[in-house]
1. Could you go through segment 36-55 and let me know if any residue there is among the small types (Gly, Ala, Ser), out of contact with any strand residue (DSSP E or B) (no Cβ under 8 Å at 6 or more places or on another chain), modelled with pLDDT of 95 or more and in a loop (DSSP other than H, G, I, E, B).
2. Testing Leu285 on (1) without any contact (Cβ under 8 Å) to a residue 40 or more places away in the chain; (2) in contact with a Lys or Arg (Cβ under 9 Å, 6 or more places away or on another chain); (3) of a type outside the set (S, T, N, Q), one condition comes back false. Which one is that?
3. Can Phe263 be described as part of a helix (DSSP H, G or I) and touching a Ser or Thr at 6+ places or on another chain (Cβ under 6 Å)?
4. Yes or no: Trp284 within 22 Å of the chain's Cα centre (by Cα), of a type in the set (A, V, I, L, M, F, W, C) and either part of a loop (DSSP other than H, G, I, E, B) or surrounded by fewer than 18 Cβ atoms within 10 Å (Cβ to Cβ) (or both)?
5. Residue by residue through segment 147-173, note down the ones that are outside any helix (DSSP H, G or I), farther than 21 Å from Leu125 by Cα and not hydroxyl-bearing (Ser, Thr, Tyr).
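The values are calculated or read from the model by the stated rules, or taken from the named source; none is laboratory data. As the structure is a prediction and not an experimental result, all values here were calculated from the model. Neighbour counts run over all protein chains shown; Cβ positions are idealised from the backbone, glycine included.
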Amino acid sequence: MTVNQGYEHAIREAEPVIVDDDADSALPAPRLGADSLIWKFYGDVRGVFGFQRLAGTENCIEQLGQAVLDHSVIFDDFLGRAQRTGPPVMKTVYSTEPQKWGRTVRDFHRNIKGEISDGSRYHALNPELFYWAHATFVDQVLYITDTFIRRLSHAEKVQIFEESKIWYELYGVSARSQPQTYEEFLAYWDDMLDRFVPHKTIVYATGYIRQGLPRPGNVPAPLWRVVSAPLNAFIRTVIVGTLPQQMREVCDLEWDEKREKRFQRFAKTMRTLNPVFNRLPLKWLYLPWAYNAWRRVGVDPRPLHNRPAA
């Protein structure tokens with residue numbers, strides 16, 4: 001069977017496929033923990049470099065872009081939406097009740113449905129659509145770690161993918177669209193990149209890159225021109241550098257060999273500085289949900305997994 005065979009038909013079924021929550025099951029609920037690479041790397045503050053890759057790749061698939069347009073306040077409250085979306089996903093990984101939070105994330109999406117441009121329907125809990133949203137988080141852990149923290153071995157990439165299956169199980173949505181191996185995941189990812197479209201949601205969400213950061217109302221225009229110049233240069237090199245080429249193309253984001261070289265130099269510098277980051281206080285190195293989890297289990301993650309597995 002080829003990767004994503006039947007995808008077009010399955011996603012247009014637009015039907016939620018939810019796993020029954022069996023309260024009487026004798027099996028313990030799956031969870032990730034301090035021994036996992038996802039715990040080590042997902043909550044690292046350097047993940048901020050991947051915010052546009054995460055949100056952008058997700059919404060370059062038309063059904064998800066349309067779902068955000070139809071049901072979200074992204075156009076009125078972009079930062080507020082991010083603040084409401086991020087914590088429940090973090091708690092699915094790091095809280096003492098991962099299944100509860102996973103189901104909470106799932107249930108946020110029960111009524112998210114509608115139509116795309118060709119008139120076909122979508123539903124956020126259709127497994128093909130829900131798994132793609134999850135895949136962008138898996139990619140974030142793999143890509144940001146390997147690019148800005150330290151190089152991952154193939155064995156570690158396989159481990160992160162296998163752990164991501166536990167993560168996905170916590171949501172309680174059918175895994176019929178989930179690749180079974182890391183190699184299949186890579187093929188799946190490439191196939192999905194080729195499905196990207198310039199939906200209004202993602203074109204809007206990347207407007208600050210093309211046009212420059214908007215000036216805060218309380219900052220004088222002459223001062224903002226000076227202050228924003230290096231910020232815009234950073235965004236157009238580092239943030240755009242994290243994006244797949246297919247996303248740059250559909251969002252009309254400029255890229256060339258010179259910027260690629262600057263981006264790779266920056267990424268290498270960040271990896272070189274990893275020992276310095278590992279000397280930071282734990283509260284500075286991890287987002288609050290991850291920091292609290294490490295404190296709760298009494299484990300200091302800074303000495304852990306700092307060299308690629310053999």
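1. Looking through segment 36-55, at least one residue is among the small types (Gly, Ala, Ser), out of contact with any strand residue (DSSP E or B) (no Cβ under 8 Å at 6 or more places or on another chain), modelled with pLDDT of 95 or more and in a loop (DSSP other than H, G, I, E, B).
2. Evaluating Leu285 over (1) without any contact (Cβ under 8 Å) to a residue 40 or more places away in the chain; (2) in contact with a Lys or Arg (Cβ under 9 Å, 6 or more places away or on another chain); (3) of a type outside the set (S, T, N, Q) leaves (1) as the failure.
3. On the way: part of a helix (DSSP H, G or I): yes; touching a Ser or Thr at 6+ places or on another chain (Cβ under 6 Å): yes.
Considered against the rule, which asks whether it is part of a helix (DSSP H, G or I) and touching a Ser or Thr at 6+ places or on another chain (Cβ under 6 Å), Phe263 comes out as yes.
4. Values: within 22 Å of the chain's Cα centre (by Cα): yes; of a type in the set (A, V, I, L, M, F, W, C): yes; either part of a loop (DSSP other than H, G, I, E, B) or surrounded by fewer than 18 Cβ atoms within 10 Å (Cβ to Cβ) (or both): yes.
Here the answer is yes, as Trp284 does meet what is asked.
5. Arg150, Arg151, Leu152
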